[in-house]
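*Asks:* Before anything else, here's the structure in question.
The values are calculated or read from the model by the stated rules, or taken from the named source; none is laboratory data. Just so it is clear, the model here is predicted, and its values are computed rather than measured. Virtual Cβ from ideal backbone geometry, glycine too; neighbours counted across all protein chains shown.
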Amino acid sequence: MEKDIILKVENLSKQYRLGLVGTGTLGHDLNRWWSKVRGKEDPYLKVGESNDRSTKGTSEYVWALKDINFEVQQGEVLGIIGKNGAGKSTLLKILSKVTGPTTGEIKTKGRIASLLEVGTGFHPEMTGKENVFLNGAILGMTKKEIESKLTEIVEFSGCERYIDTPVKRYSSGMTVRLAFAVAAFLEPDILIIDEVLAVGDAEFQKKAIGKMKNISEGDGRTVLFVSHNMAAIQSLCSRVILLENGEILNPNGGEPSQVIENYLSNNNEKVDYKTHAANFKVNIIQKKIYDFKEPFKINLEIEVSDDVYESVYIDFAVVNQFDEFVLHYRMNIDKNKLIDLKKGGNPISFSIENPGLVLGEYSMIFYVYDKMGKVLFWVENSSRFQISNLSNVLIANSAIKSHIVPNVQLEYK
Amino acid sequence: MTNKNDNWLYTISPKQRLIDLNLKEIWCYRDLLLLFVKRNVITVYKQTILGPLWYFIQPLFTSVIFTLIFNNMANIPTGEGVPSFLFNLAGITSWNYFKECLTGTSNTFSQNQGLFGKVYFPRVIVPLSVVFTNLVKYGIQLLVFIGFYLYYVFFTDKAENTSPQNAIVFLPLLILFMGILGLGLGMIISSMTTKYRDLKFLIGFGVQLLMYCSAVMYPLSYFKLKLPNISWVVEYNPMTTIIEAFRYMTLGLGDYSVSKMIYTGLVSIVIFLIGLIIFNKTEKSFIDTI
């Protein structure tokens, strides 16, 4: 059964001007106004460029968002992922009416409230309780609504003792917790959440994610969720869209795990293939996101175009984001495990029952060398993957720190 | 299944009507308005010894100084049988309300940048809350004025010609005009300063200069007598009319006519509407230009 569409975004674009606003602003404004008087299009809308920050463009104007189209169904939790600067925050800002779009439209059937950053509008001189009311009202609640939820909010924040003390006497953690508590008890039709899970200590994060889960699952509310925490995205969202340079790569959205894999594999910025002999090619087939308890499996296919190489070794290492080797497998410890590389494709797979990797991002290095120890080729910075806590987000990330010596199984025909 | 393309609650789009004042929405946020007013009132004098007494002290001291300098030293006449102090207090109380509305709303965008950048609520709530906060302040200062008024009438013989006029029933209208005039001008200035910061410098001394052409410390009739060539500057200033009318209503002395009230009302409404239009245009995009 198809559900009702509660939010529809059509051809949404947002243009920004680079450089200093000031010099020439008046000139551009007059030029714009003159075109409008003559009934022409805004001349600066034509000159915008895609928002790729790393390359120098010719235009002063860039599109932070360009022709965004998507729909959200009633009761759905839609995840939005993308690199820094892909336009996620701009999109959320337009959705929450903080800034207007340059072109395009958003149609909605429900009230939208956003949780872009907690603690906005707290006044340091006012007491915790007064701030709960003020902040709640800023977020769109009525006084009555807040009154009815006050005890729950205070309890959730864990600041009961300080509730009649000015907020300026609070520790920063308490302020954030109180602010999150107010926001968590909002009841709009559509809730926008941007990276708020990154507040507080491990215990509070657990509470916060639990509350988010409640909002989306228990109350059946429509939620737009932006995060870099892939595990949270995977466990909370029912559909995910991927933004890149201001454009949506999959307008219809996709299965979370699939989109995340897609995103992470696009993220491989540079893979260094270094070969001594030019006739090797390596395809690595691998999952992009693993649960920390899951067995770890990599499939390689080494293609050799000209010759046959007998008795070669393969070493591989797993490198964490700080370029430290966390796991190193050396095949030449065991002389029986020599491999013959035939002409054509050679499928090889490694599996590790319990890799004992801590949550985080990793990349891999492969070396292939012959039995004399001469390196034939190596691949660095390849096949990035993430170890996440997919099965139970409620376990705080810091809780997993086991390290078990891996037992690598090699499969080779 | 319902029609997918009908019944949208609202649409966000770059197009906008000239005056986009959604009264229903503002009504929904009335609690926020009240809480802002409460915040503005209670946080100003937190951790001060005299607290709300400052509301009394400021107009009183200004009136004393004005009386000493303009009336006792410069000999500006305030009318037979009307105490100069009361004359000045009347002018300053009214002027203060207008001035506070103007300066308080003129930095709406720059002061609330952080808040506006994160949450949406009808932006007009903030300048409105300033106007209402000042109304509370004005009410308190009016009590001071009434206190001194009664003192002069009952305990001294200096106020034999001082008496309230029937026109005092229009006082609420006068307060409304002052409020929307200050609000309108403040909204224009706050909107323009988001992009062009030049106005920020103007507002500081501009308000000061405006006071001198608003008949605060002299009667309009005296200005006309002394400087007839440029008296139009003062005469057509809507604030002059308001202050003169206020003094006429309360003290029975001043330049007051129905046509002038209508003139002031029209000017105030026009400025308020212009302010609203510019404010509306700015609130959608200011976060990108500020």
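*Asks:* Somewhere in segment B:209-232, is a residue surrounded by fewer than 23 Cβ atoms within 10 Å (Cβ to Cβ) and within 14 Å of chain A (Cβ to nearest Cβ)?
*Replies:* no
*Asks:* Continuing with this model, one more query. Residues of segment B:88-115 being of a type outside the set (Val, Ile, Thr), at pLDDT below 90 and crowded, with 24+ Cβ neighbours inside 10 Å, which ones?
*Replies:* Of everything in segment B:88-115, those that are of a type outside the set (Val, Ile, Thr), at pLDDT below 90 and crowded, with 24+ Cβ neighbours inside 10 Å turn out to be B:Ser106, B:Phe109.
*Asks:* All but one of (1) more than 14 Å from every other protein chain (Cβ to nearest Cβ); (2) over 16 Å from the mean Cα position of the chain (by Cα) hold for B:Asp198; state the number of the condition that does not hold.
*Replies:* Failing condition for B:Asp198: (1).
*Asks:* Of (1) at pLDDT 85 or above; (2) within 14 Å of chain B (Cβ to nearest Cβ), A:Leu186 satisfies all except one. Which?
*Replies:* For A:Leu186, the exception is condition (1).
The rows are residues; the columns are (1) more than 30 Å from A:Met126 (Cβ to Cβ); (2) within 13 Å of another protein chain (Cβ to nearest Cβ).
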site: B:Cys28; (1), (2): no, yes
site: B:Lys46; (1), (2): no, yes
site: B:Pro52; (1), (2): no, no
site: B:Gln58; (1), (2): no, no
site: B:Phe66; (1), (2): yes, no
site: B:Glu80; (1), (2): yes, no
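*Asks:* Let me ask something additional. Report yes if B:Ile57 is assigned to a helix (DSSP H, G or I) and either under 21 Å from the mean Cα position of the chain (by Cα) or basic (Lys, Arg) (or both), otherwise no.
*Replies:* Judged against the criteria, B:Ile57 is a match.
*Asks:* Could you say whether any residue in segment A:157-172 is crowded, with 20+ Cβ neighbours inside 10 Å, hydrophobic (A, V, I, L, M, F, W, C), closer than 30 Å to B:Ile42 by Cβ and modelled with pLDDT of 80 or more?
*Replies:* yes
*Asks:* Determine which member of the set A:Gly57, A:Gly87, A:Gly82, A:Gly39 is of a type in the set (Gly, Ala, Ser), touching a Leu at 6+ places or on another chain (Cβ under 9 Å), at pLDDT below 80 and more than 26 Å from B:Arg197 (Cβ to Cβ). Outline the logic, then answer.
*Replies:* Details: A:Gly87 fails: at pLDDT below 80; A:Gly82 fails: at pLDDT below 80; A:Gly39 fails: touching a Leu at 6+ places or on another chain (Cβ under 9 Å).
None of the other options fit; the residue is A:Gly57.
*Asks:* Still on this structure: Hand me the list of strands (runs of 3 or more DSSP E) wholly inside segment A:70-153 holding 1 or more residues that are surrounded by 23 or more Cβ atoms within 10 Å (Cβ to Cβ).
*Replies:* Working: elements: A:77-82, A:103-108, A:112-115.
Those strands (runs of 3 or more DSSP E) span A:77-82, A:112-115.
*Asks:* Of all residues being of a type outside the set (A, V, I, L, M, F, W, C) and at pLDDT 75 or above in segment A:214-228, which is surrounded by the fewest Cβ atoms within 10 Å (Cβ to Cβ)? Just the residue, please.
*Replies:* A:Asn214
*Asks:* Right, next: Given the condition within 16 Å of the chain's Cα centre (by Cα) and within 30 Å of B:Thr282 (Cβ to Cβ), answer yes or no: does some residue in segment B:258-265 qualify?
*Replies:* yes
*Asks:* Which condition number does B:Ser129 fail, the rest of (1) among the hydroxyl-bearing types (Ser, Thr, Tyr); (2) under 30 Å from A:Pro188 (Cβ atoms); (3) more than 23 Å from the chain's Cα centre (by Cα); (4) at pLDDT 85 or above being met?
*Replies:* Among (1) among the hydroxyl-bearing types (Ser, Thr, Tyr); (2) under 30 Å from A:Pro188 (Cβ atoms); (3) more than 23 Å from the chain's Cα centre (by Cα); (4) at pLDDT 85 or above, the lone unmet condition for B:Ser129 is (3).
*Asks:* Within the set of pairs 6+ apart or on separate chains, which have a first residue in segment B:278-290 that is more than 8 Å from chain A (Cβ to nearest Cβ), a second that is at pLDDT below 80, and C-beta atoms under 6 Å apart?
*Replies:* These pairs meet every condition: B:Asn280/B:Asp20.
*Asks:* While we're here: Looking at segment A:159-166, is at least one residue within 14 Å of chain B (Cβ to nearest Cβ) and touching a residue at least 40 places away in the same chain (Cβ under 8 Å)?
*Replies:* The answer is yes, given that some residue of segment A:159-166 is within 14 Å of chain B (Cβ to nearest Cβ) and touching a residue at least 40 places away in the same chain (Cβ under 8 Å).
*Asks:* Give segment A:331-341 a look and list any residue that's surrounded by 13 or more Cβ atoms within 10 Å (Cβ to Cβ) and either at pLDDT 75 or above or assigned to a loop (DSSP other than H, G, I, E, B) (or both), or say none.
*Replies:* A:Leu338, A:Ile339, A:Leu341
*Asks:* Could you pull out every one of the helices (runs of 4 or more DSSP H) wholly within segment B:174-253 that has 1 or more residues that are modelled with pLDDT of 90 or more, polar (S, T, N, Q) and touching a Phe, Trp or Tyr at 6+ places or on another chain (Cβ under 8 Å)?
*Replies:* Correct list: B:238-251.
*Asks:* Starting from segment A:120-133, keep only residues that are within 7 Å of chain B (Cβ to nearest Cβ), then list their pairs with residues that are at pLDDT 85 or above and surrounded by fewer than 19 Cβ atoms within 10 Å (Cβ to Cβ) whose Cβ atoms are within a distance under 7 Å, requiring at least 6 positions of separation or different chains.
*Replies:* Pairs found: A:Glu125/A:Pro166; A:Glu125/A:Lys168; A:Met126/A:Pro166; A:Phe133/A:Lys143.
*Asks:* Here's another thing I want to ask about it. All but one of (1) surrounded by 23 or more Cβ atoms within 10 Å (Cβ to Cβ); (2) closer than 23 Å to B:Val124 by Cα hold for A:Leu186; which doesn't?
*Replies:* (1)
*Asks:* Next question, about the same structure. How many residues are touching a residue at least 24 places away in the same chain (Cβ under 8 Å) and either surrounded by 18 or more Cβ atoms within 10 Å (Cβ to Cβ) or not in a helix (DSSP H, G or I) (or both) when one looks only at segment B:254-264? Let's see the steps before the verdict.
*Replies:* Quick first cut of segment B:254-264, residues touching a residue at least 24 places away in the same chain (Cβ under 8 Å) only: B:254-256, B:261, B:263-264.
Still in the list and also either surrounded by 18 or more Cβ atoms within 10 Å (Cβ to Cβ) or not in a helix (DSSP H, G or I) (or both): B:254-256, B:261, B:264.
Residues in segment B:254-264 being touching a residue at least 24 places away in the same chain (Cβ under 8 Å) and either surrounded by 18 or more Cβ atoms within 10 Å (Cβ to Cβ) or not in a helix (DSSP H, G or I) (or both): 5 in total.
*Asks:* Being over 9 Å from the mean Cα position of the chain (by Cα) and small (Gly, Ala, Ser) is the filter here, so list the residues in segment B:153-185 that pass it.
*Replies:* Within segment B:153-185, B:Ala159, B:Ser163, B:Ala167, B:Gly184 qualify.
*Asks:* Which residue out of B:Leu86, B:Leu115 is of a type in the set (A, V, I, L, M, F, W, C) and in contact (Cβ under 8 Å) with a residue 40 or more places away in the chain?
*Replies:* B:Leu86
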